[in-house]
1. Which residue, of R359, R355, is under 23 Å from the mean Cα position of the chain (by Cα) and modelled with pLDDT under 95?
2. Tell me which residues, restricted to the stretch 4-27, are in contact with a Leu (Cβ under 8 Å, 6 or more places away or on another chain) and either outside any loop (DSSP other than H, G, I, E, B) or of a type in the set (A, V, I, L, M, F, W, C) (or both).
3. Please determine whether any residue of the stretch 301-312 is closer than 30 Å to L360 by Cα and in contact with a strand residue (DSSP E or B) (Cβ under 8 Å, 6 or more places away or on another chain).
4. Would you mention how many residues in the stretch 219-235 are farther than 20 Å from P163 by Cα and at pLDDT below 95?
5. State whether one or more residues within the stretch 344-353 are surrounded by fewer than 16 Cβ atoms within 10 Å (Cβ to Cβ), touching a strand residue (DSSP E or B) at 6+ places or on another chain (Cβ under 8 Å) and closer than 28 Å to Q258 by Cβ.
6. Spot the failing condition for E98; the list is (1) without any contact (Cβ under 8 Å) to a residue 40 or more places away in the chain; (2) within 29 Å of the chain's Cα centre (by Cα), and only one is missed.
7. So F341 passes all but one of these: (1) touching a residue at least 40 places away in the same chain (Cβ under 8 Å); (2) over 30 Å from L360 (Cβ atoms). Which condition number does it fail?
8. Just the residues that are part of a helix (DSSP H, G or I) and either surrounded by 13 or more Cβ atoms within 10 Å (Cβ to Cβ) or of a type outside the set (G, A, S) (or both), please, taken from the stretch 218-234.
Amino acid sequence: MSLPLKGVRVLDLTNVVAGPLCSYQLAMMGAEVVKIESPGTGDLSRKMGADPELAGRLMGVSFCSANAGKKSITLNLKHDEGRKIFLRLVKSADVVLENFRPGVMKRLGLDYERLQTVNPGIIYCAVSGFGQEGPLAQRPAYDQIVQGFSGLMSLTGDQRTAPIRAGYLACDAMGAMTAAFAVAAALLRKHKTGEGEMIDVAMLDSTLATMACWIVTNYLNAGHVPVPMGNENHSAAPSGTFRTGKGLLNIVNNEQHQFEKLCEIIGRPALKRDPRFSARDARVKNREALREILEQALATKTAAEWEALFTEAGVPVGPVLTVPEILAHPQVADRALIKTFDNAPGTGRNVSVPRVGFRLAREQPDVATPPPQLGQDTAAILEELGYGAGDVEKLRREGVT
């Protein structure tokens, strides 16, 4: 059995996170991803990550996180011959993915209009902070910049601590997943009609789209201005992180029967009839008083003990785990989310990477090869295009590859 995107070729010109994470999703679904990198330096993320030794080898942990399963060639797109090679590659490609600042590819003579003349069915996806058009289009954008623009930072934390940056590259990831979805949709249409597409993905747009439930729509349709609420939920109570006799516990009561069951388990059945808490809206208005009562009751047992009791009764709860704790959890192991490459080339050690966030009934989305060393596939791909060994060496000497 083959993965859904087997036979699709993606030319990946992207750097760092939003672009590479997108093409990594495509690679996990079976696409052949050819990563096109600058000679000598490559993707900026090759020099990034928590291990300086790997960064010095141009195999930084940040690079390894989203580039397994890809091929790597070096190509100087500022060189005439480099652009000619790229255009030859485009003829056999299905997708071109880039995350340069808007206008860069046009100045290189490699924008969508030019690539269409070489391959009318090409799917061209440009990922940027603010999109190809608009008053912010030319602004440089990293994840934290977009977090600030999108309103996400204004909502992260509580009234005392906000604004706070989200604890991971949330906007980069949203842009990447949006781009992967858009490319997959365009590939489906191409399969039916042969038509290519120009896809303009903005990290800002992607982030706001994911905030539709319910932050954006509550404001647009009800005039509700969102405020930072820490670990509380604006639409339900009790719903947040609560102190217990030992440890923290997340509790979410979206439904009346969940709250009533909780009251029974903690030994406070009278709360079900208390007018301050008997109805959903009343609980939201009196959330602080309810929290104080609940934490007094929860102090009699540990978080683990309460988790077992609530789970058995069907009340949604969960612990607050660290990253090491969840990665060691049996659930993650059972889902086979983490893949490890033994003695990955260029690293001198094992390299572990996450797979995609879903499973298929027939097979697990996967990649067979570890993150590539810079330019490791250059000669093979040039030979595929018809260049001989002497030509390949000449291109290397001239700085084209």
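1. Details: R355 fails: modelled with pLDDT under 95.
Only one candidate passes the filter, namely R359.
2. L5, V8, V10, L11, D12, L13, V16, V17, G19, C22, S23, L26
3. Yes.
4. Within the stretch 219-235, the subset farther than 20 Å from P163 by Cα is 220-223, 235.
When the remaining residues are screened for being at pLDDT below 95, the result is 235.
Counting residues in the stretch 219-235 that are farther than 20 Å from P163 by Cα and at pLDDT below 95 gives 1.
5. Initially, the stretch 344-353 is screened for residues surrounded by fewer than 16 Cβ atoms within 10 Å (Cβ to Cβ), giving 345, 348-350, 352.
Retained after the next criterion (residues that are touching a strand residue (DSSP E or B) at 6+ places or on another chain (Cβ under 8 Å)): 349-350, 352.
From the residues that got through so far, the ones that are closer than 28 Å to Q258 by Cβ too are none.
Among the residues of the stretch 344-353, not one is surrounded by fewer than 16 Cβ atoms within 10 Å (Cβ to Cβ), touching a strand residue (DSSP E or B) at 6+ places or on another chain (Cβ under 8 Å) and closer than 28 Å to Q258 by Cβ, which makes the answer no.
6. Status for E98: all satisfied but (1).
7. Of (1) touching a residue at least 40 places away in the same chain (Cβ under 8 Å); (2) over 30 Å from L360 (Cβ atoms), only one is false for F341: (2).
8. To start, the set of residues in the stretch 218-234 that are part of a helix (DSSP H, G or I) comprises 218-222.
Answer for the stretch 218-234, where residues must be part of a helix (DSSP H, G or I) and either surrounded by 13 or more Cβ atoms within 10 Å (Cβ to Cβ) or of a type outside the set (G, A, S) (or both): N218, Y219, L220, N221.
The values are calculated or read from the model by the stated rules, or taken from the named source; none is laboratory data. Everything quoted here is computed from the prediction, not taken from an experiment. In this analysis, Cβ positions are derived from the backbone assuming ideal geometry, glycine residues included, and neighbour counts consider all displayed protein chains.
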